[in-house]
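None of the figures in this text is laboratory data; all of them are computed from the coordinates on show. Since the model is a prediction, treat every value here as computed from it, not as a measurement. We place every Cβ from the backbone using ideal geometry, glycine too, and count neighbours over all the protein chains shown.
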Amino acid sequence: MSTFVLVHGAWHGAWSWTFVVPLLEQAGHKVVVPDLPGLGDDETPVGSVSLSAYADAIAAVVRAQNEPVVLVGHSMGGFVITHVAEMLPEKTRALIYLCAFLPANGESMQDWAQRAAGGLAIEDLVVAEDGLSATLLEDAISRKLYQDVAADRAGWARSNLRPQALAPWMQPVSTTAERFGRVERHYVECVNDRAVPVETQRAMIAALPCLSVTSIESGHSPFLSVPEVLADALLQAGGQRGTAS
């Protein structure tokens, strides 16, 4: 049995893993799905949100487990799990990046977002008047996040989205070969992704190679569109081969 800690991406919350959790549990594993500060059901004020706050929240969850965990990060969650692995390499058995940002030392999410040609862009955002957070245009949500998600499920997900703090996007990660570098990395690429295009995903993998790369036919939200396929990919990447169907 493994312990999976699933870290959601921007605008989302722990709810985004609703259809994946039971599949991993049915395969015999423990699954923990925290909200990042200021997202999901967490009420942290947007002005108090930072990448460090995200990492501290997930690190607390990891420390509470009885064994080293498999950390899964979706999209923006890739920055969070990278930060946590640097903090707690001894408590992190493996990292799985799900169409996620895979940063090298000194890189920020903004750095890679600017290189993601054809993905989510500044034109897709509605920035709050105070400049601290942003929401997504409805068209961007439909075309770039949920283009292959069933209408009822996409509508449910859309109703749960919350404004995303912008500060975490600006903060670079700080990693070392001695800590982050000793944790095994895996990548699950989504070949039809319109938010973080597969070309961008592969550029990150080329810059920071992973032990395994699994490709799935999905857009940016496989936890909604193909949860069974995603669960199998996570089990394989986490070293637990078998079926989650």
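For region 3-237, give the magnitude of the charge dipole about the Cα centre (Cβ charges: +1 Lys/Arg, -1 Asp/Glu; no others), in debye to the nearest 20.
That gives region 3-237 a dipole magnitude of about 440 debye.
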Which longest run of the chain has no exposed loop site in it, a site being GluC sites (Glu not before Pro) in a DSSP loop with at most 15 other beta carbons within 10 Å, and the site itself not part of the run? 44-128
Restricting attention to region 138-228, which trypsin sites (Lys or Arg not before Pro) occupy a DSSP loop and are surrounded by at most 16 other Cβ atoms within 10 Å? Arg179
Region 138-195 versus region 2-19: alpha-carbon centroid distance in Å: 10
Förster radius 41 Å - calculated FRET efficiency between Gln114 and Arg63 (Cβ-Cβ, nearest 0.05): 0.75
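Give the order of Asp41, Asp35 when sorted by the count of other beta carbons within 10 angstrom, beginning with the fewest. Present the calculation step by step, with values, prior to reporting the outcome.
Numbers: Asp41 10, Asp35 19.
In increasing order of surrounding Cβ atoms, one gets Asp41, Asp35.
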Compute the relative contact order of region 51-158 as a whole-number percentage, counting only Cα pairs closer than 8 Å that sit 6 or more residues apart in sequence. 18
P(r) for the chain, please, calculated from all Cα pair distances in 10 Å bins and given in %. 8, 36, 41, 15, 1
Among the trypsin sites (Lys or Arg not before Pro) within region 90-132, which fall in a DSSP loop and have no more than 14 other Cβ atoms within 10 Å of their own Cβ? none
Isolated Cys residues of the chain, judged by Cβ distance under 4.7 Å to other cysteines: Cys210
Alpha-carbon spread of region 53-157, three principal axes, descending order, Å: 42, 34, 27
If neighbour count is taken as other Cβ atoms inside 10 Å, put His186, His12 in order from fewest to most. His186, His12
Jot down the per residue volume, in cubic angstrom and as a whole number, of the convex hull over the alpha-carbon atoms of region 129-245. 133
Calculated from DSSP helices alone, with each H run of at least 4 adding -39500 (n - 2.57) and the total divided by the residues of the chain, [θ]222 nm to the nearest 500 comes to -8500 deg cm²/dmol
